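Input: a single structure, listed below in C-alpha cells.
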Amino acid sequence: MSVISYRQALHDALRAEMLRDEDVFLIGEEIGLFEGSYKITAGMLDEFGPRRVKDTPIAEEGFTGAAVGAAMLGLRPVVEIMTINFSLLALDQIVNHAAKIYGMFGGQARVPMVIRTPGGGGQQLGATHSQNVELYYAFVPGMKVVAPSNPADAKGLMLAAIRDDDPVLVLENLALYNTTGEVPDDLAPIEIGRANVARTGQDVTVVAYSRMAAVALEAADALAREGVDVEVIDLRSLRPLDRDTIIASVRKTNCAVVLEDDWLTYGIGAEIAATISDGAFDWLDAPVRRVAMAEVPMPYAKPLETAALPSTADAITAIRETLDAVSRRR
C-alpha cells in the first residue's frame, strides 16, 4: 500500500498500461515535451518515445478523430484533452463517431479509446475553463463515463478504461489532482458501472461523484460528531449508472441528498433523483434534496467563484434539512 496523489495515480496507471500493452499510446496537446498541462504524462516521452507519446496541434476535433481511426484499426489511444471545456470542439468525433461506430456497423469495428480530461471550478480559470459538462457525454449511448474521486479509484478506473473495448471518458477534477490517499500496489482494474459505498450509515443516503464525493465524506465526518449516521454512495461511474446500489441504500435509510458539481437544472442529480423515485419512492420519508452549483457562468473573482460552488457547509445544511423533514413526518 502506498500513499500517493491523485495525479500520481493517473500517471502510474497510464505507465503500467503502456508497459503491459504496446498498442496503448498517448495523444494530446503538450503531453510530450511539456509533460502535460497538469504533469500527468511527466517522463512518458523520454521512456516511450514519440511513436507512443504524440504531441498535437491545438486541434481537438482533429486529434480526437485521429484517435477514433487508430482505435478502429486495433490500437488503444488515450486522448488527453486539456480541459473538458475544450472537448466541446471534438463533440462531433466523440458523439457521432466514437460512440456510434460499433452500433452503426453491426459490430464490425470497435473503438477502444480513452478520453481523459479535467473539469471543475475553484481555480479562477473563468467561465469557459471551469465547467462540468460530463452530462453531455453521460447522455450518449455507446459511451462510458467514469468520475473517480480519490487516487485508488483514479488508478483502478483508468486501468479498466484503457482495457475496455468501448470509448470511455475519464472525468478528472482539477481540485483533486493534489489530494492524496492509499493505493494498493497490486490494484486491479475497478469494474466500470459499480458504485462504491464509501461510508455506511443508517440515517440518510448521500449520493455524489468526483469532487463532491470527497465533500460528502467531509460532511459525513462532521455530522458524525453530532450523532448523525450518513451513508455515502460514490457513483464512480455515470454511464453505466449503478442504480441498484443507490436504490438499496435509500430503501435502508428512507431519505436521500444528491450532491453534484454541475448546474442543478437537467443535471446528473436529476437522473439520480428519478432513479430513487422509480425504485424507492414508497420507502422515502422526505423529498430527495439536491445540492449543486449556482446557475451562472462561473465567476472569475475568487469570492464569487467560491460562492457559486457547492461546499461542505451546503451539504451539511441539506442533510440537516432532510432529517428535519423526516422527523416532522414521523
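The values are calculated or read from the model by the stated rules, or taken from the named source; none is laboratory data. All values derive from a computational prediction rather than experimental measurement. We place every Cβ from the backbone using ideal geometry, glycine too, and count neighbours over all the protein chains shown. Remember, those area values only see protein heavy atoms, side chains included, never the ligands or the DNA or RNA. Shrake-Rupley method; radii C 1.70, N 1.55, O 1.52, S 1.80 Å.
Would you pick out the residues in segment 115-134 that are within 11 Å of the chain's Cα centre (by Cα) and assigned to a loop (DSSP other than H, G, I, E, B)? Give the derivation first.
Kept after step one, since they are within 11 Å of the chain's Cα centre (by Cα), are these residues of segment 115-134: 116-120, 132-134.
If the condition is that a residue be within 11 Å of the chain's Cα centre (by Cα) and assigned to a loop (DSSP other than H, G, I, E, B), then 120, 132, 133 are the ones that fit.
Name the single residue, out of those in segment 78-109 being part of a helix (DSSP H, G or I), hydrophobic (A, V, I, L, M, F, W, C) and within 27 Å of residue 48 (Cα to Cα), that is most open to solvent (accessible area, probe 1.4 Å). Can you show your working first?
Here is the first cut: in segment 78-109, the ones part of a helix (DSSP H, G or I) are 84-98, 101-104.
Narrowing further to those that are hydrophobic (A, V, I, L, M, F, W, C): 84, 86, 88-91, 94-95, 98, 101, 104.
Filter once more, so that each one left must be within 27 Å of residue 48 (Cα to Cα): 84, 86, 90, 94, 98.
Details: 84: 0, 86: 46, 90: 0, 94: 0, 98: 4 Å².
That would be 86.
Filter segment 283-311 down to residues that are in a helix (DSSP H, G or I) and touching a residue at least 12 places away in the same chain (Cβ under 8 Å) and give me whichever is surrounded by the fewest Cβ atoms within 10 Å (Cβ to Cβ).
302
Can you pull out the residues in segment 150-171 that are outside any helix (DSSP H, G or I), closer than 13 Å to residue 214 by Cβ and in contact with a Leu (Cβ under 7 Å, 6 or more places away or on another chain)?
Looking only at segment 150-171, we keep the residues that are outside any helix (DSSP H, G or I), and these are 150, 164-171.
Subset that is closer than 13 Å to residue 214 by Cβ: 150.
If the condition is that a residue be outside any helix (DSSP H, G or I), closer than 13 Å to residue 214 by Cβ and in contact with a Leu (Cβ under 7 Å, 6 or more places away or on another chain), then no residue fits.
Tell me, please, whether a residue that is surrounded by 21 or more Cβ atoms within 10 Å (Cβ to Cβ), modelled with pLDDT of 95 or more and closer than 15 Å to residue 177 by Cβ can be found in segment 39-52.
Yes.
Which of the following residues is modelled with pLDDT of 95 or more, assigned to a helix (DSSP H, G or I) and surrounded by fewer than 24 Cβ atoms within 10 Å (Cβ to Cβ): 188, 213, 222? Reasoning before the result, please.
On the way: 188 fails: assigned to a helix (DSSP H, G or I); 213 fails: surrounded by fewer than 24 Cβ atoms within 10 Å (Cβ to Cβ).
Testing whether each residue is modelled with pLDDT of 95 or more, assigned to a helix (DSSP H, G or I) and surrounded by fewer than 24 Cβ atoms within 10 Å (Cβ to Cβ) leaves just 222.
Within segment 256-275, identify whether any single residue is at pLDDT 95 or above, of a type in the set (D, E, K, R), under 17 Å from residue 204 (Cα atoms) and open to solvent by 20 Å² or more (accessible area, probe 1.4 Å), and answer yes or no.
The answer is no, given that none of the residues of segment 256-275 is at pLDDT 95 or above, of a type in the set (D, E, K, R), under 17 Å from residue 204 (Cα atoms) and open to solvent by 20 Å² or more (accessible area, probe 1.4 Å).
Give just the number: which of (1) open to solvent by 60 Å² or more (accessible area, probe 1.4 Å); (2) of a type outside the set (Phe, Trp, Tyr); (3) under 21 Å from residue 41 (Cβ atoms); (4) in a loop (DSSP other than H, G, I, E, B) does residue 112 not satisfy?
(1)
Return yes or no: is residue 280 open to solvent by less than 10 Å² (accessible area, probe 1.4 Å), small (Gly, Ala, Ser) and more than 21 Å from the chain's Cα centre (by Cα)? So that I can check it myself, show each step before the final result.
Details: open to solvent by less than 10 Å² (accessible area, probe 1.4 Å): yes; small (Gly, Ala, Ser): yes; more than 21 Å from the chain's Cα centre (by Cα): yes.
Criteria met by residue 280.
In segment 243-286, what residues are of a type outside the set (A, V, I, L, M, F, W, C) and more than 18 Å from residue 231 (Cβ to Cβ)?
Of everything in segment 243-286, those that are of a type outside the set (A, V, I, L, M, F, W, C) and more than 18 Å from residue 231 (Cβ to Cβ) turn out to be 261, 262, 265, 266, 267, 271, 277, 278, 282.
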